[in-house]
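What follows is a single structure, written as structure tokens, with notes after it.
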Amino acid sequence: MTTVREVPVTATATEPAAALLRAYVDAWNDVSHNTWGHDDFVREPVEMLEAMRDKPYEKLVRLVAIDDAHADTPSDELPLEAVTGTGVVLLPQQDNLTWAYVGTTVRPAHRGRGVGGAILESCVRVARDHGRSTLMAETEHRVEPPEGPESLTAPTGSGRVPLDDAGVRLLTKRGWDLEQVARRSVLDLPVDPDALEEHRARAARAAGDEYRTVGWDGPVPDEWVDAMAELYTEMSDAPPMGGLRVRAGPLGRRTGALARGAAGPARHRVVDDGRAARAVGPARRLHDAPGGPARA
Ligand SMILES: CC(C)(COP(=O)(O)OP(=O)(O)OC[C@H]1O[C@@H](n2cnc3c(N)ncnc32)[C@H](O)[C@@H]1OP(=O)(O)O)[C@@H](O)C(=O)NCCC(=O)NCCS
């Protein structure tokens, strides 16, 4: 039987009581490395902890599955490897009050023994206990499968996932429907300077005098937080949503606030500022991978 515990929100990520948090992050990074084959998306305990602090607009619950051998070990004495899998439940507090995001990961070495199913069940229970009736979960894939009997196509008509993927199976077997597929592109750096200049010149011709480019490293400067939140909201509304019943407002607020204060990997943004309307136009975010190529 899989034991599931909730990760406490501690004052720091280094104190003994944060052992569950550190093990959660270790397991999560283990799965991220296995999924992508690189460490571009690894997270730090302090970053995960900050996201867990209660905010007016959302509550975040993190769960861990404990290896049977450690079922009786007190939480603050658990070694990293005692956590076999993780769960997360995101509960908006101001909007989308019937909606929740849930996520489950299991270390590759512990798969196929019911751990993932048990964590997912616990996540769903937490969401239900908070009155949520519409749930969203995600699976991640290195490559998009070709059309055919081996893949599942989103009802939007855009994007497919492999039917034999463990995450897809876990969800579809339990009656979850695929609604939307999002693609992530990779930009290997450095970019050929001639190609870059060609893009820049073409963009300048299209933009005319109406726009200027604003860029920064790290958190969004205060003067741009509201506009960036609005932009993220608009961007999240732009793709076809399938049957997803989530309004994008809180997403914008969340992303804006996170961008302002969160610790985490360096993120560089460049936006076009439509001068006339003081609105923020298209944005590019570069995620700077520690020790790896930058990905956009
Ligand atoms: C998806 C994921 C969480 C599954 O974790 P898991 O612990 O292997 O999940 P389970 O063991 O509960 O179920 C997986 C399979 O093992 C089978 N299984 C469950 N208990 C079992 C047992 N005691 N003995 C043998 N097989 C068992 C299940 O029936 C299931 O079979 P299926 O693959 O034919 O559907 C894991 O592969 C993962 O972390 N993937 C990456 C992240 C992801 O995609 N998450 C899902 C989105 S929420």
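For the reader, a short list of remarks on this structure follows.
- When the Cα atoms of segment 104-159 are aligned to their principal axes, the ranges along those axes come out at 38, 32, 17 Å in descending order.
- For segment 1-78 and segment 119-194, distance of Cα centres in Å: 22 Å
- Put in order of Cβ neighbour count within 10 Å, fewest first, the listed residues 226, 129 become 129, 226.
- The order of 140, 15, going from fewest to most other C-beta atoms within 10 Å of their C-beta, is 15, 140.
- Each Lys and Arg contributes +1 and each Asp and Glu -1, all at the Cβ; summed about the Cα centre of segment 76-167, the dipole is approximately 200 debye.
- Percent antiparallel among DSSP beta bridges (both partners in segment 3-137, rounded to 5): 85 percent
- Antiparallel beta bridges, as assigned by DSSP with both residues in segment 67-220, represent about 75 percent of the total such bridges.
- Sorted by Cβ neighbour density within 10 Å, fewest at the top, the residues 173, 55: 173, 55
No value in this document is a laboratory result; all are computed from the given coordinates. Keep in mind that this is a model prediction, so the values were computed, not measured. For neighbour counting, all protein chains shown are included, and Cβ atoms are generated from backbone atoms with ideal geometry for every residue, glycine included.
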